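Accompanying notes for the structure given below.
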Amino acid sequence: MHPILRNILAVLAGLIAGNIVNMGLIELGSIAFPLEGADPNNMEAFAAAMVNAKAEHYIFPFLAHALGTLIGAILAAKLGVKYKITLAFVIGFFFLAGGIMVNYLIPGPTWFAALDLAVAYLPMAWIGGKIGSRLKK
């Protein structure tokens, strides 16, 4: 397989796997720490319910963002042919863009937005790239 095509497929696989991890942890968090009035199918209702969220309601979203990025970056780096760290950072930038959008659409406390945007995406992409580039094929 052509290396460019393989790198593109590696990024797509990383995005899919990372999103599966992300959504799984978000669902698990809504079961572990249900938030009164939060309807994940209605963005306005969900954003309104987040006003009543406590610190524990932010544990699973942070884990979802960080671990989704990490798993996606590991997979992209492992499956890629060359530029493995770059592929991992592509995953990180995609997830960072999503994180910026979510932090804009669902306003939360400043401390969470700062922690989420600073730690959950690009640092996890770098760590995932390092791990994935060392794994045997």
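The table for this structure:
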read-out	value
Extreme residue, positive dipole direction of the range 3-134, given options Ile85, Val119, Asn22 (C-beta unit charges)	Ile85
Cross-link partners of Lys130 among lysines (Cα-Cα below 23 Å; sequence separation of 8 or more within a chain)	Lys78, Lys82, Lys84
Calculated Rg and Dmax of the Cα atoms in Å (choose from (1) 14.1, 41; (2) 15.9, 51; (3) 17.0, 53), label	(2)
Between 0 and 90°, nearest 10: helix 3-32 axis offset from the chain longest Cα axis	20
Degrees, to the nearest 10: 84-105 long Cα axis against longest axis of the chain	20
Helix 110-119 axis, angle to the chain major axis (alpha carbon atoms, nearest 10°)	10
Local electrostatic count at Pro107 - Lys and Arg +1, Asp and Glu -1, tallied over other residues with Cβ under 15 Å	-2
Simple Cβ-charge dipole of the range 3-134, Lys/Arg +1 and Asp/Glu -1, about Cα centre, in debye nearest 20	920
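Bear in mind that the values in this text are calculations on the coordinates, not laboratory data. This one's a predicted model, so the numbers in the text were calculated from it and none came from an experiment. Cβ: placed from backbone, ideal geometry, glycine included. Neighbour counts: every protein chain shown.
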